[in-house]
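Below: one structure, written as structure tokens.
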Amino acid sequence: MVQRVETLAEVEAEVWRQLALCAGDKTHPWRTSVLATINGDRADARLVVIREVDARQKQLLFYTDERAGKVAQLLHHPHGTMVMWCPTLAWQLRCRVRLAMEMSGLSASSRWARIRLSPAAQDYLSPLPPGTALPAVPAHPPVARDYFAVIDATIESIDWLELHPDGHRRAIFDGHGARWVQP
């Protein structure tokens, strides 16, 4: 078991250290996190892959196909919740986020230039939008363009929960500061 952090400042620093690690480590459990958004009058959730973390700006970046359902949802309601679990730490994070998307600016074009020749590029080159029913015999029409977009999730609050044999702990980090709360 990992040594417990004790103070709110230590918890917050370790949360951001773990987030920074997850962006570069494909095996880190937080790398694939759940993003929940609002779809009309219902919640909608899916896994996203955290690609970059900027602790100073409190931002998490992930990629998407600009035609994906989450894009329309965030354009109508640019708020969501990201949920992450790390079994090694026994930590859960619930991050309330403000979502913004870039499809053609420098943020998107520079990242697309890095991945466009990799196998991952195929995720953004399909002529069909995500969720489209496939015909019985798939056709392979030529791809006219890419549908790559970058989503910036700016963290507005972090709800941290530790499950531990010596006692569970929970803390909130937001615009009102850091504080312990009942688990």
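The values are calculated or read from the model by the stated rules, or taken from the named source; none is laboratory data. Owing to the predicted nature of the structure, the values given are computational and were not obtained by experimental measurement. Here Cβ is always computed from backbone atoms with ideal geometry, including for glycine, and neighbour counts include all displayed protein chains.
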* Check whether at least one residue in the range 144-151 is among the charged types (D, E, K, R), modelled with pLDDT of 80 or more, closer than 26 Å to Gly80 by Cα and surrounded by fewer than 16 Cβ atoms within 10 Å (Cβ to Cβ), and report yes or no. => no
* On the given criteria, is Ser157 modelled with pLDDT under 95 and polar (S, T, N, Q)? -> no
* To do: Please work out if Ser107 is surrounded by 13 or more Cβ atoms within 10 Å (Cβ to Cβ) and among the hydroxyl-bearing types (Ser, Thr, Tyr).
  => yes
* Structure fact -> Only one of (1) polar (S, T, N, Q); (2) surrounded by 19 or more Cβ atoms within 10 Å (Cβ to Cβ); (3) free of Cβ contacts under 8 Å to residues at least 24 places away in the same chain does not apply to Thr37, and that is (3)
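Checking the condition over 22 Å from Ile50 (Cβ atoms), at pLDDT 85 or above and in contact with a Gly (Cβ under 9 Å, 6 or more places away or on another chain), which residue from His164, His168, His76 passes? Steps first, answer last, please.
Values: His164 fails: in contact with a Gly (Cβ under 9 Å, 6 or more places away or on another chain); His168 fails: in contact with a Gly (Cβ under 9 Å, 6 or more places away or on another chain).
Among His164, His168, His76, only His76 is over 22 Å from Ile50 (Cβ atoms), at pLDDT 85 or above and in contact with a Gly (Cβ under 9 Å, 6 or more places away or on another chain).
To keep it simple, each residue is scored yes or no on (1) touching a strand residue (DSSP E or B) at 6+ places or on another chain (Cβ under 9 Å); (2) modelled with pLDDT of 95 or more; (3) over 14 Å from Val83 (Cα atoms); (4) not charged (D, E, K, R).
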position: Ala13; (1), (2), (3), (4): no, yes, yes, yes
position: Arg17; (1), (2), (3), (4): no, yes, yes, no
position: Cys22; (1), (2), (3), (4): yes, yes, no, yes
position: Val34; (1), (2), (3), (4): yes, yes, no, yes
position: Asp41; (1), (2), (3), (4): no, no, yes, no
position: Leu47; (1), (2), (3), (4): yes, yes, no, yes
position: Val53; (1), (2), (3), (4): yes, yes, yes, yes
position: Asp65; (1), (2), (3), (4): yes, no, yes, no
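Residues Val53, Val34: which one is in contact with a helix residue (DSSP H, G or I) (Cβ under 7 Å, 6 or more places away or on another chain), in a strand (DSSP E or B) and not hydroxyl-bearing (Ser, Thr, Tyr)?
Numbers: Val34 fails: in contact with a helix residue (DSSP H, G or I) (Cβ under 7 Å, 6 or more places away or on another chain).
Matching residue, one of Val53, Val34: Val53.
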* **Lone unmet requirement of (1) more than 30 Å from Glu10 (Cβ to Cβ); (2) not in a loop (DSSP other than H, G, I, E, B) for Leu134** => (2)
* Output the residue which, of all residues in the range 84-95 that are buried (at least 17 other Cβ atoms within 10 Å of the Cβ) and aliphatic (A, V, I, L, M), is nearest to Gly167 (Cα to Cα). => Leu89
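Table: residues versus (1) on the phi > 0 side of the Ramachandran plot; (2) polar (S, T, N, Q); (3) surrounded by fewer than 16 Cβ atoms within 10 Å (Cβ to Cβ); (4) outside any helix (DSSP H, G or I).
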| residue | (1), (2), (3), (4) |
| --- | --- |
| Glu10 | no, no, yes, no |
| Ala43 | no, no, yes, yes |
| Val48 | no, no, no, yes |
| Gln57 | no, yes, yes, yes |
| Met82 | no, no, no, yes |
| Val97 | no, no, no, yes |
| Trp112 | no, no, no, no |
